[in-house]
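A.B. asks: Could you have a look at this structure, given as structure tokens, before my questions?
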Amino acid sequence: MAIIETEKLTYTYPGAEKTSIENISIKIEEGEFVLLTGPSGCGKTTLCRCFNGLIPHFYEGKLEGKIQVVGLDVVKHPIHELAKHVGLVFQNPENQLFALSVEKDVAFGLENLGIPRKEIRQRVDWALKTTDIYHLRERPPYELSGGQQQRVAIASVLAMQPEVMVLDEPTSFLDPLGAKRIFEDIHKLNKELGITIILVEHRLDLTAKYANRIIIMDNGKVILNGKPREILDSEKARLIGIGIPKVTRLYQFLNGKGMRLNYVPLSSEEMAKKLKEVFKQ
Amino acid sequence: MIEVKNVHFTYPSGVEALQGVSLKIRNGEFVAIMGQNGAGKTTLVKHFNGLLKPSKGNVLVDGMDTRDVSVATLARKVGFVFQNPDHQLFSETVEEEIAFALRNFGFKENVIKRRVTWALNLLGLTQYRKTSPFMLSGGERKRVALASVLAWNPKILILDEPTIGQDYGQKEKLRQFILQMKAQKKTVVIVTHDVEFVAECNPRVVLMSNGKIVADGEARKILTSPEILEKAAIIPPEISRVFLELSEFGFPTNVIDVYEAGEIILDFWEAKNREHV
Amino acid sequence: MSMFEGLKFRKVSSPIHDLDPRVKFFYVIAMFAVAVMYMELLPLIVLFLIQVPLVTMAKVTKQWIKSMRGAAFFASIIFFTNFIFSYLYQGQQALPSILEYSMAMTLRFIVLVESFSIFFLTTSPDHLGLALEKSHVPYEFCFAFTTAVRFVPVLAEEAQTIMDAQKARGLELEKGNILKRVRNYIPILIPLIVNAIRRSLELAEAMESRAWGATKNRTNLYELKLRRGDYILALLTVVMLVLAVYARWHIPIPRIMEIFPWKASR
Ligand SMILES: Nc1ncnc2c1ncn2[C@@H]1O[C@H](COP(=O)(O)OP(=O)(O)OP(=O)(O)O)[C@@H](O)[C@H]1O
Ligand SMILES: Nc1ncnc2c1ncn2[C@@H]1O[C@H](COP(=O)(O)OP(=O)(O)OP(=O)(O)O)[C@@H](O)[C@H]1O
Ligand SMILES: [Mg+2]
Ligand SMILES: [Mg+2]
């Protein structure tokens with residue numbers, strides 16, 4: 001069974017005239033790494049809010065259609081119930097850390113669930129070690145660098161041991177190396193712990209290589225949904241104007257001039273490897 | 001022209017954010033300042049319009065020491081667009097927002113009207129003239145902030161992190177806009193982490209790390225030197241990384257543009273095919 | 001500003017930091033009560049001196065000195081107002097005793113600042129929140145308290161950025177008459193409020209996403225247990241209280257100038 005399944009999901013914010021997402025029908029399988037992208041304002045964040053019940057429980061408004069997450073009907077289960085299964089990490093690390101020490105922040109969700117102290121301690125330490133910030137556990141989060149803060153945010157969601165993690169542009173404020181490390185960490189959570197990942201990101205150059213599925217939205221609708229190589233090479237993707245990775249564009253350019261590589265690269269490593277093969281023949 | 005002469009700056013908290021920075025930006029130049037989080041980029045550019053004054057050293061804007069003139073006077077020459085538009089928008093309508101600075105600078109009402117119309121046009125905001133800026137999307141709010149600074153037509157334009165949270169289309173528009181400014185001989189300074197965006201614009205790149213400038217030169221040179229970039233927590237753009245891998249075939253290693261890269265690969269491939277025949 | 005700087009908690013490990021915040025708070029209140037009981041210089045000097053070892057034990061001497069220096073300004077105001085008013089009422093003859101009285105009033109303030117700064121410098125706001133919770137203050141209130149502590153510096157920084165952004169658009173705060181000056185703050189206040197609202201919405205969203213309100217029986221990572229040190233401090237505080245009350249009513253307290261007659265004989 002799919003871990004997330006929506007059927008004709010349509011939502012309008014309270015007081016808004018227009019729907020923000022419209023007729024979304026998608027299925028996400030357990031263990032997938034899904035990249036969600038599309039022009040600004042197309043409804044990515046809105047869709048993410050549906051995954052853990054912020055919509056419709058926190059934001060009211062009008063929700064139509066069906067949505068199930070880990071077998072639970074989102075409309076019928078409160079957010080704190082869903083929070084055990086779906087973790088959300090937001091763009092701005094500053095506004096998702098409330099405590100005055102890192103470990104207290106990571107413990108926050110578990111405390112809310114009323115988990116015994118001994119187990120909280122174990123799970124907090126585990127989450128801190130998995131995200132490589134164990135040494136920072138007693139520091140106040142606001143004194144950390146952006147990258148470290150975003151790691152704390154990830155750890156605090158991880159401690160709740162969710163099956164699904166949704167990350168909404170988690171690295172926009174970070175320098176390229178910091179961003180790359182976070183993406184690698186997320187990839188590791190997916191590969192090693194089997195956590196299903198939904199990552200919202202504009203910069204496909206940095207992230208396309210990790211995904212085994214890309215969903216592109218435009219104007220509240222899902223326009224493309226499928227394998228990264230097929231999607232990024234499609235005419236439609238180019239027309240919507242998403243940031244197709246440079247190496248994929250290089251591939252398309254060469255293809256157009258008659259140099260056929262027969263393999264759509266998503267990263268510089270893949271492109272270099274392919275070119276080397278061709279040149280060495 | 002902006003001249004930064006051996007500037008040190010220490011925040012009241014004791015953080016020494018700039019540790020001896022010297023830099024010269026000539027009129028009409030397009031400069032991207034890059035470097036890791038906390039390197040001192042924002043601190044440096046805040047010196048360009050006098051928001052911060054050096055603890056040691058001097059900053060000269062068109063020959064004027066920033067210590068001797070008020071921020072308001074400098075602001076006429078140096079337009080500064082902050083990273084987050086929500087830190088400056090406050091008016092009831094977009095039109096009012098853009099007129100705000102013009103009023104502060106004492107422009108006449110008929111001039112203000114003309115300038116507002118011009119700025120709205122330039123950034124494609126004419127339809128939102130009477131809309132509240134708070135009703136607009138993130139990308140649009142960013143454009144209003146930009147328009148509100150451009151309106152007084154400053155000679156030098158500073159943009160702090162203009163591409164954050166922007167989609168590809170918006171970035172492309174921004175790039176076109178910067179090129180337009182360049183054509184008008186305006187000086188443009190951007191602070192950014194977006195390597196791919198810089199690779200597409202090919203400006204002069206100033207690389208900062210720990211309060212110092214560690215490299216300065218054209219983008220295609222700096223962005224293709226992994227050893228230099230590493231010091232500033234930056235990763236070379238994708239195309240450059242492909243070419244760094246392919247150096248064994250005698251390819252140049254200073255390529256960052258997709259089409260240039262394509263031509264080089266094609267030439268090599270065709271030459272190789274001819275050999276075989 | 002620097003007085004508050006001195007109240008900012010820093011994580012250091014020391015026997016004083018490990019004390020239960022409730023006991024420390026009891027100590028601060030007791031200090032407060034005793035300091036208010038006495039108007040004479042001598043006991044206040046004693047109160048001041050007996051706290052110094054606590055400061056050194058807590059390894060916060062540097063910050064503590066900073067907060068004392070910050071308090072110096074207020075202390076001098078207290079000294080001079082007391083001095084001037086008493087002088088006006090009592091005239092020149094009583095000068096030495098007026099001097100002693102004003103000094104005592106000032107020292108009383110300093111003793112209060114001293115004990116409060118020991119408390120805040122050695123108590124993490126997290127633990128303070130926990131102590132509130134354990135004292136049956138509703139959890140929502142405790143959370144609001146720690147969040148406020150967490151976000152005050154963030155908001156201060158944001159206000160600075162907004163001010164910079166508007167100055168960069170030619171806003172001059174010090175320009176014009178009083179009315180105009182007040183109006184000058186509108187472009188700063190509106191973004192500040194709008195951002196605070198936006199921020200609190202985002203915070204609420206993040207809290208909800210982490211199971212806020214899932215159960216009434218919230219657990220806590222930290223636990224407060226009274227240990228030996230706590231009992232010792234509590235006992236010492238009680239002894240001090242008893243002694244102070246006893247001394248207040250049964251022992252006549254000499255003035256400094258009576259102890260050092262050379263001063264009085266002048
Ligand atoms: N809280 C809200 N109330 C009302 N309308 C909203 C709210 N949040 C978003 N919207 C509207 O819903 C639409 C989709 O917004 P959403 O934030 O989901 O876009 P997005 O794809 O995440 O964009 P971005 O890439 O800029 O983050 C937009 O038109 C936006 O104006
Ligand atoms: N208002 C301030 N008060 C005290 N320290 C500050 C202040 N602003 C910045 N700093 C410190 O100065 C240093 C340089 O900060 P700056 O904001 O210039 O970095 P940056 O290169 O712009 O980083 P980023 O890429 O994260 O925007 C950092 O160590 C930062 O913590
Ligand atoms: Mg979004
Ligand atoms: Mg910055």
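The values are calculated or read from the model by the stated rules, or taken from the named source; none is laboratory data. Bear in mind the structure is a predicted one, so any value in this text is a computation, not a measurement. Counting neighbours? That spans all protein chains shown, and the Cβs are built from the backbone with ideal geometry, glycine included. Only protein heavy atoms, including side chains, enter the accessible area calculation; ligands, DNA and RNA are left aside. Shrake-Rupley method; radii C 1.70, N 1.55, O 1.52, S 1.80 Å.
A.B. asks: Among DSSP beta bridges whose residues both lie in the protein assembly as shown, state the antiparallel percentage, nearest 5. Present the calculation step by step, with values, prior to reporting the outcome.
C.D. replies: Values: 38 of 73 bridges.
Counting DSSP beta bridges with both partners in the protein assembly as shown, the antiparallel share is about 50 percent.
A.B. asks: To continue, here is another question. When the accessible area of the protein assembly as shown is split by element with a 1.4 Å probe, what percent falls to carbon and sulfur?
C.D. replies: 57
A.B. asks: Ok, one more. Can you give me the Cα centroid spacing of the stretch B:95-174 and the stretch A:156-213 in angstrom?
C.D. replies: The stretch B:95-174 and the stretch A:156-213 have Cα centres separated by 34 Å.
A.B. asks: Determine the dipole magnitude for chain C: charges of +1 sit on the beta-carbon of Lys and Arg, -1 on that of Asp and Glu, nothing else is charged, the reference point is the Cα centre, and the result goes in debye to the nearest 20.
C.D. replies: For this selection, approximately 260 debye.
A.B. asks: Output wanted: per-residue J couplings in Hz (rounded whole) for the stretch C:100-115, from phi through Karplus 6.51 cos²θ - 1.76 cosθ + 1.60, θ = phi - 60°, x for Gly and Pro.
C.D. replies: Along the stretch C:100-115, the couplings run 5, 4, 5, 5, 5, 4, 5, 5, 4, 4, 5, 4, 5, 4, 4, 6 Hz.
A.B. asks: What 222 nm value per residue comes from the helices of chain C, counting each DSSP H run with n ≥ 4 as -39,500 (n - 2.57) and dividing by all residues, nearest 500 deg cm²/dmol? It would help to have the intermediate numbers written out before the result.
C.D. replies: Values: 12 runs with 197 residues, N = 266.
Only helices count here, giving -24500 deg cm²/dmol.
A.B. asks: Calculate the length of the line joining the C-alpha centroid of the stretch C:28-54 to that of the stretch A:4-63, in whole Å.
C.D. replies: 62
A.B. asks: Label C:V137 and C:V242 with points 7 Å out from Cα along Cα→Cβ: what is the distance between them in nm?
C.D. replies: 3.0
A.B. asks: Next up: What angle, in degrees between 0 and 90 and rounded to the nearest 10, separates the Cα long axis of helix A:102-112 from the longest principal axis of the Cα atoms of chain A?
C.D. replies: Once rounded, one gets 70 degrees.
A.B. asks: While we're here: Give the C-B buried accessible area in Å², both sides summed, 1.4 Å probe, nearest 100.
C.D. replies: Numbers: alone 17780 and 13700 Å², together 29660 Å².
Separately minus together, C and B give about 1800 Å² buried.
A.B. asks: Let a ≥ b ≥ c be the square roots of the eigenvalues of the Cα gyration tensor of the stretch A:33-176; is it rounded (a/c under 1.5), or, if not, prolate (a/b larger than b/c) or oblate?
C.D. replies: It is oblate, given that a/c is not under 1.5 and a/b is not larger than b/c.
A.B. asks: Residue by residue through B:235-245, how many Cβ atoms from other chains fall within 10 Å of the Cβ on average?
C.D. replies: 6
A.B. asks: Please state the relative contact order of the stretch B:205-247 as a whole percent: Cα pairs under 8 Å, 6+ residues apart?
C.D. replies: Relative contact order for the stretch B:205-247 comes out at 28 percent.
A.B. asks: Quick one: dipole size for the stretch B:39-169, taken about the Cα centre, charges +1 on Lys/Arg Cβ and -1 on Asp/Glu Cβ, in debye to the nearest 20.
C.D. replies: Values: 18 positive and 13 negative charges, 73 e Å.
I would put it at about 360 debye.
A.B. asks: Next question. Which of the lysines could a cross-linker bridge to C:K24, judged by Cα under 19 Å and excluding same-chain residues fewer than eight apart?
C.D. replies: List returned: C:K8, C:K11, C:K59, C:K134, C:K225.
A.B. asks: Modelling each spin label as a point 7 Å along the Cα-to-Cβ direction, I'd like the C:E172/B:T126 distance in nm, to one decimal.
C.D. replies: 3.6
A.B. asks: Then there is this: Suppose we compare each residue of the stretch A:97-128 in its chain alone and in the full protein complex with a 1.4 Å probe; which ones drop by at least 50 Å² of accessible area?
C.D. replies: Those residues are A:F98, A:L100, A:K104, A:F108, A:E111, A:N112, A:R117.
A.B. asks: Other chains near B:251-259: what is the mean number of their Cβ atoms within 10 Å of each residue's Cβ?
C.D. replies: Shielding by partners across B:251-259 averages 2.
A.B. asks: Right, next: Taking the Cα centre of the protein assembly as shown as the origin, how large is its charge dipole in debye, to the nearest 20, when only Lys and Arg (+1) and Asp and Glu (-1) carry charge on their Cβ atoms?
C.D. replies: 1740
A.B. asks: At A:K227 and C:A33, where each label point lies 7 Å from the Cα along Cα→Cβ, what is the point-to-point distance in nanometres?
C.D. replies: 7.9
A.B. asks: Filter the cross-link list A:K246/A:K274; A:K246/A:K273; A:K8/A:K44; B:K108/B:K155; A:K104/A:K129; B:K142/B:K221 down to pairs whose alpha-carbon distance in this structure exceeds 22 Å.
C.D. replies: B:K142/B:K221, as the Cα separations exceed 22 Å there.
A.B. asks: Continuing with this model, one more query. Could you tell me which residue out of C:C142, C:L189, C:L173 lies farthest along the dipole of the stretch C:126-225 toward its positive end? Charges go on the beta carbon: Lys and Arg +1, Asp and Glu -1, centred on the Cα centre.
C.D. replies: C:L173
A.B. asks: Leaving out ligands and nucleic acids, and using a 1.4 Å probe, what accessible area per residue does chain C come to in Å²?
C.D. replies: Heavy-atom SASA per residue in chain C reads 56 Å².
A.B. asks: Further question on the same structure: Could you rank the peptides B:102-110, A:209-217, B:74-82, A:54-62 by their average count of other C-beta atoms within 10 Å per residue, with the highest value first?
C.D. replies: Peptide ranking by packing, descending: B:74-82, A:209-217, A:54-62, B:102-110.
A.B. asks: Next up: Taking the Cβ-Cβ separation of C:V194 and C:E258 as r and a Förster radius of 45 Å, what is the calculated FRET efficiency to the nearest 0.05?
C.D. replies: Details: r = 64 Å, r/R0 = 1.42.
The formula returns an efficiency of 0.10 here.
A.B. asks: Can you give the mean number of other chain Cβ atoms that lie within 10 Å of the Cβ atoms in peptide A:142-154?
C.D. replies: The shielding value for this peptide is 1.
A.B. asks: Which one, B:G50, B:G165, B:G40, has the greatest fluctuation when you compute a Gaussian network model over chain B with C-alpha springs under 10 angstrom?
C.D. replies: Of B:G50, B:G165, B:G40, the most mobile in the Gaussian network model is B:G165.
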